[in-house]
Amino acid sequence: MMKRVSIFLLLFLIYNCGYTTVYKNVKTQKLKINIISTKGNLEMNSLLKNQIKLFSNGDSANIFDVHVNSDYKKVVVAKDAKGIATNYKLDGIFNFKINFKDKEYSLNINENFIIQRNSNSYEQTSYEGIIKENFVKSAVDKLITKLVSINDN
């Protein structure tokens, strides 16, 4: 009985707290996103195109033309006594030029993350790949939010 009351109370609080999903209005607004050009990091651009396909609706009259320029940097931020790198800063940089109804908008996104060096190079490369995917997902989230706000104006 106590378990049911707890679940009911939790659901009641979540329902009344104003919680809504981030993309609640994206599907109802039906955005068509055309990637016109990509420059920069090929891997991140490929991931970005695949992520954007999930949100693009070909039947929409709200057509956004997007030019993408991405960059990925790995910089040594700390070394040990022998001069071997121990920590790296990973930077994902995205510049979007958006054309919508004869107006141009821009969106610049910088994501960064500090990681420690792993002695296993395969694990290190895999981990960096996961971080790149997270950079792209975050950038797409911010791009979609920007497109929805442009469309609402």
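Can you send over the carbon and sulfur percentage of the accessible area for region 41-121, probe radius 1.4 Å, protein chains only?
The C+S portion of the solvent-accessible surface of region 41-121 is 45 percent.
Could you give the nm distance between label points at residue 57 and residue 82, where each point is 7 Å from its Cα heading toward the beta carbon?
Going by the 7 Å Cα→Cβ label model, 5.8 nm.
The values are calculated or read from the model by the stated rules, or taken from the named source; none is laboratory data. Remember, it's a predicted structure, so these values are computed and weren't measured experimentally. In this analysis, Cβ positions are derived from the backbone assuming ideal geometry, glycine residues included, and neighbour counts consider all displayed protein chains. Note: accessible area is taken over every heavy atom of the protein model, side chains too, but ligands, DNA and RNA are not part of it. Shrake-Rupley method; radii C 1.70, N 1.55, O 1.52, S 1.80 Å.
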